[in-house]
Structures are given as C-alpha cells and as structure tokens.
Amino acid sequence: MTIRVLVADDQPAVRRGFRTILGAQPDLEVVGEAPDGVTALDLAAELRPDVVVADIRMPRMDGLELTRRLAGPETPSPMRVIVVTTYDLDEYVHAALRAGACGFLLKHAGPALLVEGVRAAAAGDALISPSVTVRLLRHLTPSPARTGVPGEQPLSDRELEIVKLVAAGRSNPEIGAELFISAGTAKTHVANVQRKLGVRNRVGIAAWAWEHGHGTTAATGGDVEH
C-alpha cells in the first residue's frame, strides 16, 4: 500500500528535498505541498493524506497550531502528523507532542530518519529524533506530586514496565524479548496503556513517562519507534 504524504514548509527548497527523498521510496508518495499552515490545513481536508509532515515555523499558521487542528484531542478524525524543525528546543518538543504529533524530527537528522518516521506514523507508531529523546530522558526529572496515574484506571506493575520500555524506544518484539512475552502480548499491553492514559500513540506514552518519572531510568534509548 502506498503511503500518501502532505509536506508543509515555507521554504521551497525544503519541500523539493522532502519530495525527492520520500518520492524515491516505492511505498511513499507526496500528494501535496503547502507553503504555509493555512494552505496545509485546506489541503489536508481535501486530500486526506496518510501522513502530514509539517515544519514548526510557517507563515499564516505555524506547525504547532496546524498539528493541534489536524491531530489534537478535540479533532474528530485525527490525522498523523510529524513535526520537523531546524530548532532543537525542548519547548517545541513538548508543544508538538501535546498538540497530537506522532513524531518529532530535526531537519538535519537525515533522509533515512525522515523515511522511517513517515512509515512509523502511517503504521500508527511514532519516532523522535534520537538526540531529542536522549536529552529529554537526561534532563526531565520526576515530580513527586505527579508520579501517579490520574483517574480510576491505575497502571499495573507490568504496564509500568511497558511504559518504561516504550519511553526507552523499544519495539514490541524488543519489549517481548525483555519481558519474556510474545510481541503480540506486548502490543496488547501497549494498547491497554494508551487507553488508560488517554493518549493516541506511543509518543503520548513516552511523554507521560518523562513527565511522571518513569522514563529517566531508561536513558539508553534513541528513537521512539516501532
């Protein structure tokens, strides 16, 4: 199946580069380009791409607002959005994840990571540039007042193990091997965690782990990818 991609960036050279990189893959097709967030929003509604790749800094509507409108919690039919940027700033990472992004990539991360990120997003998974993930795991510290799970569905000990491994960038097969369970069982645990935490994808699980002190002990991971 061909993955249909919409690219939104205010720099024509970047859009051409992304089109060339993605179009060279047999399973990827760039179906539209937008020079600003408003155009991207309109094209997304018209074309219904599988994945939107959006720059953070764009005129008329920035990539964070575009992400919120396409993938945020209030969106009835959320799309899969990957946020890309030149600026390696933690506030951008957190804002993008909270807006509903299923990936956060730095433009200088290279073509392979862009392709991998689009494929992961299309599969319902997520990927974050390795340098961003490692830095977050290193610097985010848990708040004693926020280590519990809100609501009436606390995570089991096994689910907390799953959370930590997701935050460390483990795939379902890797989680299964580490916990001596099947990849299918690991996938079921991940789905249950997403439901309990009220998040859309594995990036949401990782973000919750970092914010609640369950990711800092596993700072060996790179990407959040599956």
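Here are some notes:
- Only one of Val118, Val52 that is in contact with a helix residue (DSSP H, G or I) (Cβ under 8 Å, 6 or more places away or on another chain) and not in a helix (DSSP H, G or I): Val52
- Complete set of residues in the stretch 80-96 that are within 19 Å of Ala40 (Cβ to Cβ), open to solvent by 20 Å² or more (accessible area, probe 1.4 Å) and of a type in the set (A, V, I, L, M, F, W, C): Ala95
- Total residues in the stretch 154-181 satisfying the condition of being open to solvent by less than 70 Å² (accessible area, probe 1.4 Å), touching a residue at least 12 places away in the same chain (Cβ under 8 Å) and either part of a helix (DSSP H, G or I) or among the charged types (D, E, K, R) (or both): the figure is 11.
- So Leu113, is it open to solvent by less than 40 Å² (accessible area, probe 1.4 Å), modelled with pLDDT under 75 and either more than 23 Å from Gly198 (Cα to Cα) or out of contact with any strand residue (DSSP E or B) (no Cβ under 6 Å at 6 or more places or on another chain) (or both): no
- Scan of the stretch 197-206 for residues that are modelled with pLDDT of 75 or more and crowded, with 20+ Cβ neighbours inside 10 Å, ordered by number: Leu197, Ile205, Ala206
- For the stretch 1-32, residues that are open to solvent by less than 60 Å² (accessible area, probe 1.4 Å), free of Cβ contacts under 8 Å to residues at least 60 places away in the same chain, more than 19 Å from Glu65 (Cβ to Cβ) and not in a helix (DSSP H, G or I) total 2.
- Residue count for the stretch 45-55 satisfying the condition of being more than 12 Å from Gln11 (Cα to Cα) and open to solvent by less than 60 Å² (accessible area, probe 1.4 Å): 6.
Every residue, every condition in (1) in contact (Cβ under 8 Å) with a residue 60 or more places away in the chain; (2) in a loop (DSSP other than H, G, I, E, B); (3) within 14 Å of Ile56 (Cβ to Cβ), yes or no:
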site: Arg68; (1), (2), (3): no, no, yes
site: Glu74; (1), (2), (3): no, yes, no
site: Pro78; (1), (2), (3): yes, yes, no
site: Val84; (1), (2), (3): yes, no, yes
site: Glu91; (1), (2), (3): no, no, yes
site: Ala95; (1), (2), (3): no, no, yes
site: Arg98; (1), (2), (3): yes, no, yes
site: Ala101; (1), (2), (3): yes, yes, yes
site: Leu105; (1), (2), (3): no, no, yes
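The values are calculated or read from the model by the stated rules, or taken from the named source; none is laboratory data. Please read all numbers here as calculations on a predicted model, not as lab measurements. FYI the Cβ positions are ideal-geometry reconstructions off the backbone, even for glycines, and counts take in every protein chain you see. Heavy atoms of the whole protein, side chains included, go into the accessibility calculation; ligands, DNA and RNA do not. Shrake-Rupley method; radii C 1.70, N 1.55, O 1.52, S 1.80 Å.
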